[in-house]
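Step one of this worksheet: look at the structure below.
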Amino acid sequence: AVVGCGGWSQGWHLPNLSNRSDSSIVALVDPNDQPGTGGCVPSLCESMAALSEKYDARRYANLDDLLADRKMLALDGVLCAAPHGVHSAVGTAVLKAGLHLLMEKPMTTDVEEARALLELARLRPNQAFIIN
């Protein structure tokens with residue numbers, strides 16, 4: 001699943017993930033119907049409805065609903081490309097749900113949050129926690 005579907009995800013993550021034979025995009029999470037409107041390339045961003053159809057992925061407006069469906073989706077990991085200020089909350093929820101996590105940089109916007117997230121990851125040696 002990809003959390004945060006603005007310009008960076010649409011221009012890089014989604015196209016590259018969709019071209020890999022060893023990955024599948026099963027879900028997209030963004031609270032905005034038109035992601036990227038606060039970013040630098042809003043005119044280039046597709047709507048969530050268009051992205052969901054393009055990548056044949058379920059659409060979610062929030063992380064909690066995605067995590068509630070994780071078994072049904074056979075979800076094993078999340079790529080977080082959400083706004084930096086929510087990285088800590090997303091990362092914490094994803095790791096606590098038992099999923100692998102690829103976190104776009106910065107890891108968090110606060111040093112103490114980063115330390116807490118790192119400690120949480122260390123307690124889960126069978127889960128990947130990767131900072132891009």
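The values are calculated or read from the model by the stated rules, or taken from the named source; none is laboratory data. All values reported here derive from a predicted model rather than from experimental measurement. Neighbour counts are summed over all protein chains in view; Cβ atoms, including those assigned to glycine, are modelled from backbone coordinates with ideal geometry. Remember, those area values only see protein heavy atoms, side chains included, never the ligands or the DNA or RNA. Shrake-Rupley method; radii C 1.70, N 1.55, O 1.52, S 1.80 Å.
Expressed as a whole percent, the accessible area of the chain that falls on carbon and sulfur atoms is 53 (1.4 Å probe). With the simple spin-label model, which puts each label point 7 Å out from Cα in the Cβ direction, the Ala74 to Asn62 separation comes to 2.9 nm. Surface analysis of the chain yields an accessible area of 56 Å² per residue, using protein heavy atoms and a 1.4 Å probe. Pull out a ≥ b ≥ c, the square roots of the eigenvalues of the alpha-carbon gyration tensor of the range 76-132, then state rounded if a/c is under 1.5, prolate if not and a/b is larger than b/c, and oblate in the remaining case. It comes out oblate by the Cα gyration axes.
Amide hydrogen proximity for Phe129: with H placed 1.01 Å from N in the peptide plane, the residues at 5 or more positions away or on another chain lying under 5 Å are Leu101.
Given their separation in residues at 0.36 nm each and the Cα-Cα distance between them, Asp110 and Ala50 gain 18.2 nm when the chain is fully extended.
Secondary-structure-derived ellipticity at 222 nm for the chain, considering helices only, amounts to -8500 deg cm²/dmol, per-run term -39500 (n - 2.57) for DSSP H runs with n ≥ 4. Output the 0 to 90 degree angle, nearest 10, between the alpha-carbon long axis of helix 111-122 and the longest principal axis computed from the alpha carbons of the chain. That helix lies at roughly 80 degrees to the long axis.
The phi torsions of the range 52-69, fed into the Karplus equation with coefficients 6.51, -1.76 and 1.60 and a -60° offset, translate into couplings of 4, 6, 4, 9, 6, 10, 5, 9, 10, 8, 8, 5, 4, 5, 4, 5, 5, 9 Hz, rounded to whole numbers, with Gly and Pro shown as x. The orientation-averaged shadow of the Cα convex hull for the chain, equal to a quarter of the hull surface, comes to 7.5 nm².
By the compact-protein rule of thumb, 2.2 N^0.38 Å, the alpha-carbon radius of gyration of the range 1-68 corresponds to a ratio of 1.02.
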